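Colleague: One structure is given below, represented as structure tokens, and several questions about it will come after.
The values are calculated or read from the model by the stated rules, or taken from the named source; none is laboratory data. Bear in mind that the values here come from a model prediction, so they are computed numbers and not experimental data. Here the Cβ positions follow ideal geometry from the backbone for every residue, glycine too, while neighbour counts run over all protein chains shown.
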Amino acid sequence: MNQDPDDGSRAAAAEGPRFDRWVRAIVALTVVSLVIWFFASGARDDLSAESVRDAIRGLGPLGPLAFIFVFALIQPLGPSGHIFVIAASLLWSPPVAVGFAMLGALSAQTTGFYFYRYLAADFARARIPARLHKYEKVLVEKPFRTVLVLRLLTFTAPFVTMLLGVSRVRYVPMMTATVIGIFPNLVFDVYIGGKVVEWLFGG
């Protein structure tokens with residue numbers, strides 16, 4: 001008995017969405033586990049530029065990759081991006097610190113953007129401050145300008161990442177405006193913030 005070729009096509013088509021659901025479930029479970037650990041372990045309370053610096057220093061040559069990885073995963077959970085940028089300024093020379101901090105910040109924004117868009121949209125909408133909902137319409141009409149202003153004012157604030165994730169703004173204009181918008185604060189943190197922390201805590 002011959003099998004209808006269309007049956008195989010339909011089975012393959014059905015398998016695709018099922019696989020996507022499994023991938024999303026695994027990613028969501030991993031992120032939820034990370035969130036639970038982050039808050040339950042007290043890591044959030046202990047997080048500071050100095051603690052990040054000391055942890056990265058202990059990793060030797062893998063430090064830069066670990067820094068970007070931790071920045072990308074931890075910062076979207078709520079900690080200030082300034083902590084990570086100042087930590088970079090305590091680890092490397094200013095130009096190198098700017099480069100690594102920018103890579104980490106953009107990785108964090110990418111992680112948060114796609115997570116809130118495809119895995120946690122309802123969670124994000126419930127936590128976006130009411131005053132920011134007015135930006136959803138203008139994000140569609142003037143995405144670059146709106147994201148630029150938001151980033152200049154809020155740097156890498158997670159609630160803005162949530163807003164961008166659930167909005168209809170596209171990734172490329174969002175990320176281009178983010179690069180420009182966070183750059184002034186990032187440079188200030190590296191060249192000034194790090195010096196202030198070293199002065200306060202004795203370097």
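Colleague: Looking at (1) over 15 Å from the mean Cα position of the chain (by Cα); (2) in contact (Cβ under 8 Å) with a residue 24 or more places away in the chain; (3) under 23 Å from L73 (Cβ atoms), which one does P184 not meet, given that it meets all the others?
Modeller: P184 satisfies all of (1) over 15 Å from the mean Cα position of the chain (by Cα); (2) in contact (Cβ under 8 Å) with a residue 24 or more places away in the chain; (3) under 23 Å from L73 (Cβ atoms) except (3).
Colleague: For the structure I just gave you, tell me whether L59 is surrounded by fewer than 20 Cβ atoms within 10 Å (Cβ to Cβ), without any contact (Cβ under 8 Å) to a residue 60 or more places away in the chain and more than 12 Å from T161 (Cα to Cα). If you could, list the steps in order and put the result at the bottom.
Modeller: Numbers: surrounded by fewer than 20 Cβ atoms within 10 Å (Cβ to Cβ): yes; without any contact (Cβ under 8 Å) to a residue 60 or more places away in the chain: yes; more than 12 Å from T161 (Cα to Cα): yes.
Considered against the rule, which asks whether it is surrounded by fewer than 20 Cβ atoms within 10 Å (Cβ to Cβ), without any contact (Cβ under 8 Å) to a residue 60 or more places away in the chain and more than 12 Å from T161 (Cα to Cα), L59 comes out as yes.
Colleague: Restrict the check to the range 11-26 and report whether at least one residue is at pLDDT below 85, under 28 Å from R151 (Cα atoms) and within 21 Å of the chain's Cα centre (by Cα). Spell out the reasoning first.
Modeller: Filtering the range 11-26 for residues at pLDDT below 85 gives 11-26.
Then drop every residue that is not under 28 Å from R151 (Cα atoms), which leaves none.
So far as the range 11-26 goes, no, none of its residues is at pLDDT below 85, under 28 Å from R151 (Cα atoms) and within 21 Å of the chain's Cα centre (by Cα).
Colleague: Taking L77 as meeting all but one of (1) among the hydrophobic types (A, V, I, L, M, F, W, C); (2) modelled with pLDDT of 95 or more; (3) in contact with a Phe, Trp or Tyr (Cβ under 8 Å, 6 or more places away or on another chain); (4) under 22 Å from R151 (Cβ atoms), write down the number of the exception.
Modeller: (2)
Colleague: Let me ask you something else. Do we have L139 as part of a helix (DSSP H, G or I) and under 23 Å from F84 (Cα atoms) here? Break it down into steps so the answer makes sense when it comes.
Modeller: On the way: part of a helix (DSSP H, G or I): yes; under 23 Å from F84 (Cα atoms): no.
Spelling it out, it is not the case that L139 is part of a helix (DSSP H, G or I) and under 23 Å from F84 (Cα atoms).
Colleague: Among L163, L153, which is the only one that is of a type outside the set (V, I, T), under 15 Å from G78 (Cα atoms), part of a helix (DSSP H, G or I) and at pLDDT 90 or above?
Modeller: Numbers: L153 fails: under 15 Å from G78 (Cα atoms).
The conditions single out L163.
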